[in-house]
1. Are any of the pairs Lys12/Lys63; Lys30/Lys63; Lys44/Lys69 more than 25 Å apart by Cα-Cα distance, and if so, which?
2. Stretched out fully, how many nm does the piece from Glu54 to Phe29 gain, at 0.36 nm a residue minus the Cα gap?
3. Rounded to whole Å, give me the distance from the Cα center of region 28-51 to that of region 63-94.
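Each reported figure results from applying straightforward, stated rules to the coordinates on display, with no laboratory input. From a predicted model like this one, the values you see are computed outputs, not experimental measurements.
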Amino acid sequence: MKYEVPISYYVKSFQKKVEESLGEEVVVFKWKEIVGPVLYPHVKLDTIDVENLEVSIDHASYKSAFLLKQNLILRKIHELFPRYDIKNVKIHQL
């Protein structure tokens, strides 16, 4: 008996291994998609781990915009990278 495995199984498996080995770097690759094109030039990802996120923001108005979108951003991170469940966000204003 021959079993066929869909290619998506291998792609998802490979993606998971890449995410686990690269960790933070994978989030960096998707940062523009996560925060959006308006915030992207002004909100820099400093560090991220499973429960913590640190960002630097270059102006108070973008800090306010980030705070308004914070829950949406955290949800997007979790959707793209389910192992992240951010509970603490630290903002540094430049």
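1. Values: Lys12/Lys63 35 Å; Lys30/Lys63 20 Å; Lys44/Lys69 15 Å.
Over 25 Å apart, Cα to Cα: Lys12/Lys63.
2. Length difference between fully extended and current span is 7.4 nm.
3. Here the two parts' Cα centres lie 9 Å apart.
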